[in-house]
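> Pasting a structure below so you can have a look.
The values are calculated or read from the model by the stated rules, or taken from the named source; none is laboratory data. Note that the structure is predicted; figures quoted are calculated from it, not measured. Glycine also receives a Cβ, built like all others from the backbone with ideal geometry; neighbour counts cover every protein chain displayed. The accessibility values were calculated without ligands, DNA or RNA, using every heavy atom of the protein model including side chains. Shrake-Rupley method; radii C 1.70, N 1.55, O 1.52, S 1.80 Å.
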Amino acid sequence: MKKYLAILMMMLVSTATFAEEGDKWLGVNLNYGFSSEYKNFGIGGKFQYEIKQNLRLEAAANYFFSRSVGGEYGDLRTWMLDANVNAHYLIHLSEKLRVYPILGPSFLFAKASDKDGGVTDHFTGSRVRLGVNIGAGIEYQLNDQLKLNADFKYQYHKDFDRPVIAVGVCYFWQ
């Protein structure tokens, strides 16, 4: 676990080291992660920094709320926390509208418990996984201070893959 936290910290610090010039944005997201086995909603925050024209890095963290899974695993309650450092290449469709591919490493922590709050036999309690995000996004700049965005990404982790849809708003920060 300590090894994974050290890697996560290095990912987040590497994003901040570029923050000497360029546009900086702070934002919040509403997320929906889904797979054939389980679905859950989440909230998150992000920091975006344009390191050069049309190339942006984003550090983000998301908390996915506890949800009952059911199915072959009985009555499990699961919650998840993920942290990501994604690169975006901005493609300008108009002055205010941009699309971008998403690519970057992902760090996932997931925990499950049975109905009584104890650890189940089917899931050892918690899992930590390193993975990758691949997807696309779109953003619309409302004015000089605010923009709206929507992302669709697929998160690949060992024993755990799923698509995540996010919608959010960002504030220009100097």
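> So which pairs qualify, if the first residue must be in the stretch 83-100 and touching a residue at least 60 places away in the same chain (Cβ under 8 Å) and open to solvent by less than 40 Å² (accessible area, probe 1.4 Å), the second must be of a type in the set (Ser, Thr, Tyr) and outside any strand (DSSP E or B), the Cβ gap must be under 9 Å, and the two must be at least 6 apart or on different chains?
Here the result reads Val85/Ser14; Val85/Thr15, each pair linking the stretch 83-100 to a residue that is of a type in the set (Ser, Thr, Tyr) and outside any strand (DSSP E or B).
> Let me ask something else. Considering only residues that are open to solvent by 70 Å² or more (accessible area, probe 1.4 Å), modelled with pLDDT under 95 and assigned to a strand (DSSP E or B), which ones fall in the stretch 139-160?
The one that is open to solvent by 70 Å² or more (accessible area, probe 1.4 Å), modelled with pLDDT under 95 and assigned to a strand (DSSP E or B): Tyr156.
> Mind checking whether some residue in the stretch 5-22 is modelled with pLDDT of 95 or more and open to solvent by 60 Å² or more (accessible area, probe 1.4 Å)?
no
> Return the only residue of Thr78, Thr124 being surrounded by 15 or more Cβ atoms within 10 Å (Cβ to Cβ) and either part of a loop (DSSP other than H, G, I, E, B) or at pLDDT below 85 (or both).
When all the criteria are applied, what remains is Thr78.
> Can you name every residue in the stretch 161-174 that is open to solvent by 20 Å² or more (accessible area, probe 1.4 Å), part of a strand (DSSP E or B) and over 30 Å from Arg77 (Cα atoms)?
The answer is Tyr171, Phe172, Trp173.
> Further question: Answer yes or no: is there a residue in the stretch 102-116 that is in a strand (DSSP E or B), under 16 Å from Ala150 (Cα atoms), open to solvent by less than 80 Å² (accessible area, probe 1.4 Å) and at pLDDT 95 or above.
Yes, some residue in the stretch 102-116 is in a strand (DSSP E or B), under 16 Å from Ala150 (Cα atoms), open to solvent by less than 80 Å² (accessible area, probe 1.4 Å) and at pLDDT 95 or above.
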